[in-house]
Amino acid sequence: MLVVIAGGGRTGATLAAVLLHHGHDVRVIEHRPDVLTHVHRELPTEKIVQGSPLNPELLEIADIARADGIAAC
């Protein structure tokens with residue numbers, strides 16, 4: 001299952017880590033530099049998309065069309 005998570009703060013990063021632990025695929029979209037620093041320490045880099053979750057091109061990069069779930073955190 002692929003879940004796209006908009007926002008990599010405490011809630012988004014924790015949700016991503018739990019989903020990864022249970023074998024799911026995730027993409028975290030984040031634009032805040034300070035939060036990105038933290039997220040890169042918590043999650044594999046290939047799971048992180050840097051930029052605004054409102055950008056349609058980034059949603060395509062995050063594979064939103066294939067997503068089984070979306071979380072706004």
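The values are calculated or read from the model by the stated rules, or taken from the named source; none is laboratory data. Keep in mind that this is a model prediction, so the values were computed, not measured. Note: ideal-geometry Cβ built from the backbone for every residue, glycine included; neighbour counts use all protein chains shown. The protein model used for the area step is the full one, side chains on, heavy atoms only, and it has no ligands, DNA or RNA in it. Shrake-Rupley method; radii C 1.70, N 1.55, O 1.52, S 1.80 Å.
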Handout entry: Relative contact order of the chain, pairs being alpha-carbon contacts under 8 Å that are 6 or more residues apart, as %
Key = 45 percent
Practice task
Could you please state how large a percent of the accessible area of the chain is carbon and sulfur, counting protein chains only and using a 1.4 Å probe?
Solution key: 55 percent
Fill in the blank from the handout: Binned at 5 Å from zero, the C-alpha pair distances of the chain give percents of 4, 19, 34, 28, 13, 3
Problem - Probe 1.4 Å, accessible area per residue of the chain, Å² - result: 60 Å²
Handout entry: Spin-label proximity, ARG32 to region 59-73 - amide N less than 19 Å from point 7 Å beyond Cα toward beta carbon
Key = 71-73
